[in-house]
Structure formats: C-alpha cells, structure tokens
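Worksheet for the structure shown next.
The values are calculated or read from the model by the stated rules, or taken from the named source; none is laboratory data. This is a predicted model, so every value here is computed, not measured. No Cβ is skipped: glycine too gets one built from the backbone with ideal geometry, and neighbour counts run over all protein chains shown. Accessible surface areas use protein heavy atoms only, side chains included; no ligands, DNA or RNA. Shrake-Rupley method; radii C 1.70, N 1.55, O 1.52, S 1.80 Å.
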2 protein chains.
Amino acid sequence: MSDLITQLNWRYATKKFDTTKKLTSEQLSILTEALRLAPSSFGLQPWGFVVVTDPTIRIQLKEAAWGQAQVTDASELIVLCRKTEFGEKNVIEFVQDIAAQRGIPAEGMAEYQKMMTDSVTSMSATDLSAWTTHQLYLSLGVVLSAAAMENIDACPMEGFDKAKFDEILGLKEKGLSSCVICSVGFRASDDEYASLKKVRYSAEKVITKI
Amino acid sequence: MSDLITQLNWRYATKKFDTTKKLTSEQLSILTEALRLAPSSFGLQPWGFVVVTDPTIRIQLKEAAWGQAQVTDASELIVLCRKTEFGEKNVIEFVQDIAAQRGIPAEGMAEYQKMMTDSVTSMSATDLSAWTTHQLYLSLGVVLSAAAMENIDACPMEGFDKAKFDEILGLKEKGLSSCVICSVGFRASDDEYASLKKVRYSAEKVITKI
C-alpha cells in the first residue's frame, strides 16, 4: 500500500526511549516544519510549539507529568500550545502576513478579514479555547505522521499538569498554554511494547460507506 | 527535505473540485486505512468514520453545510465522528480486542483495564465529549497527511450543522456524532486557490527551542 500506511503500522506509542540516540538537526527540522505547515481553521495557526531539549527543565516537566520517563529520556519533548488570547488582532496579523507573503494589498482582503473576525469573536471563551485546542490536535496528527515517515519514534501524551507546564516553560508570558505533548526520539532496543502486535478495530467496525 | 514536507507544501484547502475525477478504490482504501490506524488516547479509538459517496445524500448534507460546494463536488465526503456514549463497556470491548488479536487472556490486563476505565469514567460528559473530539482532530491530521502523500486533494471543514448531519446520516442510532468533515478528490484545473502562495508564519514566530 502506501509508504505512510507502512509507517503507521511501524509506529507505536514508544514507552522506553534510547537515551543515547538523538535526532539530527535535519530530523528535528522536518518535525518542526511539519508542525509549521500543518493545516488549521482558516489557516489562522492559533499556536506555538516549544521544543524542549534542556535536561534540567525536562526533569521539572517530568514531575509535572506523573513521572513519565518519556519526558526526559526521549531526544526532545515537543509541547504543542494554543494561543490563549485569540481575537481580531490575530486575524489582522494573519491578513497582513498574507499580504506581505503574496505581495498584495491587505485592503483587498477586507471582506475575508471581517468574515474571520466575526467567526473568532462570536465564540465564547470556552468555545474559543476548544477551537484552538482542536487545531493543536490536528497538528499533532500531522507531526506524528511526519515522525513515522522518517522512522522517528514518538509518544504523544495527555497526562500532564497543564498549569505546571505553563509555569515551568513561562508560557503565559508568551500568550500560550500547553494542550498536548509529544516525545520524539528512538525506541530503546528493549522496549517491550515495540514488538507487540498493533491493535486496531477492523475496518468493518469503524468505517461506514454510504 | 522529506516527502511529507514536499507534500504539505503541495496541498491546500481545495475550494473547487473536479467533479469528473474520482478516487480509485485503492486510493480510498489508503485514506480509510490511515484513519483506522490513527493514534488515539490509550489506543481506545472512540470513533467511527462515514465515507459518503451517495450524491442524493450529499445534496442534503450540502444544505446543512452552508452550501459549500466541496460537499457535493469532491469524489467523497468523509465525516469524522466521535462515539457519543463512551464508558466502561468500550474499554472492555477494546481489552477483549487486544486479547483476541494478540492471543493473550483478557484477565491478564485487569489492571490496565481498570486504569483506562477510571480515566474514562472520571470525566464529566463535557470533558468526555471534548476528549473524544480531540482524538478525531488527531485522526484528521493523519488523513490529511495521507491524502497529501498520495497527491489526493482535500478540504477539511468545520462549518456545518452537526445536529443536521447526525440526523441525515442516522448517526445517533450508530452511537456516533459528527465532529468535523473532510472532502477528498482532485482539484479543478481552474481552482484559483491552487496557485496562491501558501502562507504560514515563519519558524521564528511559531517554534521556540529551549
């Protein structure tokens, strides 16, 4: 079948990383580039991605992640963050970036800008937080696909104290808040989970065709 | 760089599909297989995916999606759905599937089963709905990556009436509810959006290294 299907079968949520194996800078660039290029609603990119290599900081993060060894033992830990305040100014920033990158006047996109602004500002704080978080999970799916394609192991994790992560990483000052995290690196040769048969429901169970 | 990066640069949210070009059954299988193999929290797969080809149903769905032409004009419309009731019985079903597929006794996973059950049943209905929705967005990221890798065009969409979609597709009876939709097919040669420069913020703006 396709390369990605082969690689999705190859990947698994790596529990034990080889602490001696590090991503090359090119490998890390592929992952950050996949995140940067990930689709998002209207293309608004309501996000920031923090790549943590620093071992001292990762010891603190591990404590805030129920001691999960992947936080410190993988080559890097990626913290996928949503923008906490997202409103008209972000839409304007995006439209100005489009204008600059495409070499067209921002004024010509006034209607488009209004439509996006109306959409974003009509949401309650709760809905806005949910909407931005959705975009981060979408980007997680893209970076996990990119890692799999490059034979890079990964372990996405939801079990961590978001408030503590935000504090340790100074995310509030950056206007960000952590949504989900993902360790990336290479599996330890003795990770017993590596050899287990991947379990997914049959296509009959999860795919319906109409 | 990598193939996926090349393809993420190639892809865009296709606005106008070529109504005469259809996915082959192999191409469609790659997309549904990518969805089936997508990672999810604990591997619990709280989802179902509905692939809609039927033109009559798609006319109804288009009306419930603010008339967006992609709903009817693409080769297929994929509706990514979360399971609406997710609790202990789903965890048991998953553990029994692991046991069957790996040829091991389910009893040996009692502790693992309890941990997952505690996690799932400790969530409020609102949190559970949010958590399942997150998994669907993750799977959307995977299928968009798979489509890009296969030179299949796609357009993810959030703008649709979920209640109406659920009703038209009889999702309630299946224990499912629509989260997000994605048209897949091939761009029309005159889709003016195809030639626009992709706009993403610079790496300096969205990637922080610590």
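Structure values in brief
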{"quantity": "Peptide-level mean, for B:108-121, of C-beta atoms on other protein chains within 10 Å", "calculated": "0"}
{"quantity": "Mean-position separation - Cα centroids, the range B:1-80 and the range A:50-128, in angstrom", "calculated": "25"}
{"quantity": "Distance in nm between pseudo-label sites at A:Val199 and A:Lys114 (7 Å out along the Cβ direction from Cα)", "calculated": "5.5"}
{"quantity": "Spin-label model distance (nm) - B:Ser124 vs A:Glu88, 7 Å beyond Cα toward Cβ", "calculated": "3.1"}
{"quantity": "Peptide B:131-144, shielding by other chains (average Cβ, 10 Å cutoff)", "calculated": "6"}
{"quantity": "C-alpha long axis of helix B:88-102 to longest principal axis of chain B, angle in °", "calculated": "90"}
{"quantity": "Residues of the range A:170-186 buried by at least 20 Å² on assembly (accessible area, 1.4 Å probe, chain alone as reference)", "calculated": "A:Lys174"}
{"quantity": "Accessible area of the protein assembly as shown belonging to carbon and sulfur atoms, whole % at 1.4 Å probe", "calculated": "52"}
{"quantity": "Per-selection Kirkwood Rh - chain A (Cα, Å, 1 d.p.)", "calculated": "18.8"}
{"quantity": "Amide H partners (placed H, <5 Å) of B:Thr14, local residues excluded", "calculated": "B:Ala154, B:Cys155"}
{"quantity": "Residue-by-residue Karplus 3J(HN,Hα) for the range A:59-66, coefficients 6.51, -1.76, 1.60, Hz, glycine and proline x", "calculated": "5, 5, 5, 4, 4, 8, 10, 6"}
{"quantity": "Sequence of A:Phe42, B:Phe17 when ordered by accessible area, the most exposed leading, probe 1.4 angstrom", "calculated": "A:Phe42, B:Phe17"}
{"quantity": "Cα gyration tensor shape for the range A:122-210, rounded if a/c is under 1.5, else prolate or oblate", "calculated": "oblate"}
{"quantity": "Solvent-accessible area per residue for the range A:1-158 (1.4 angstrom probe, square angstrom)", "calculated": "40"}
{"quantity": "Modelled FRET efficiency - R0 22 Å, A:Thr24 with B:Ile210, Cβ distances, 0.05 increments", "calculated": "0.70"}
{"quantity": "Proximal lysines to A:Lys62, defined as alpha-carbon separation beneath 22 angstrom and excluding residues fewer than eight positions away on the same chain", "calculated": "A:Lys15, A:Lys16, A:Lys21, A:Lys22, A:Lys162, A:Lys164, A:Lys172, A:Lys174, B:Lys209"}
{"quantity": "Per-residue mean of C-beta atoms belonging to partner chains within 10 Å, peptide A:29-37", "calculated": "6"}
{"quantity": "Calculated log₁₀ intensity ratio I(q)/I(0) where the Debye formula runs over C-alpha points of the protein assembly as shown, q = 0.13 Å⁻¹", "calculated": "-1.20"}
{"quantity": "Over chain A, relative contact order from alpha-carbon pairs under 8 Å, at least 6 apart, %", "calculated": "37"}
{"quantity": "Theoretical ellipticity at 222 nm over the protein assembly as shown - DSSP helices of four or more residues, -39500 (n - 2.57) apiece, nearest 500", "calculated": "-14000 deg cm²/dmol"}
{"quantity": "Acute angle (nearest 10 degrees) that the helix A:25-37 long axis makes with the longest principal axis of chain A, alpha-carbon atoms", "calculated": "40"}
{"quantity": "Filtered GluC sites (Glu not before Pro), the range A:164-210: DSSP coil and at most 15 other beta carbons within 10 Å", "calculated": "A:Glu192"}
{"quantity": "Residue among A:Leu37, A:Leu171, A:Leu144 with the largest mean-square fluctuation in a Gaussian network model of chain A, springs linking Cα atoms under 10 Å", "calculated": "A:Leu37"}
{"quantity": "Buried accessible area, chains A and B (both chains, 1.4 Å probe, Å² to nearest 100)", "calculated": "6300"}
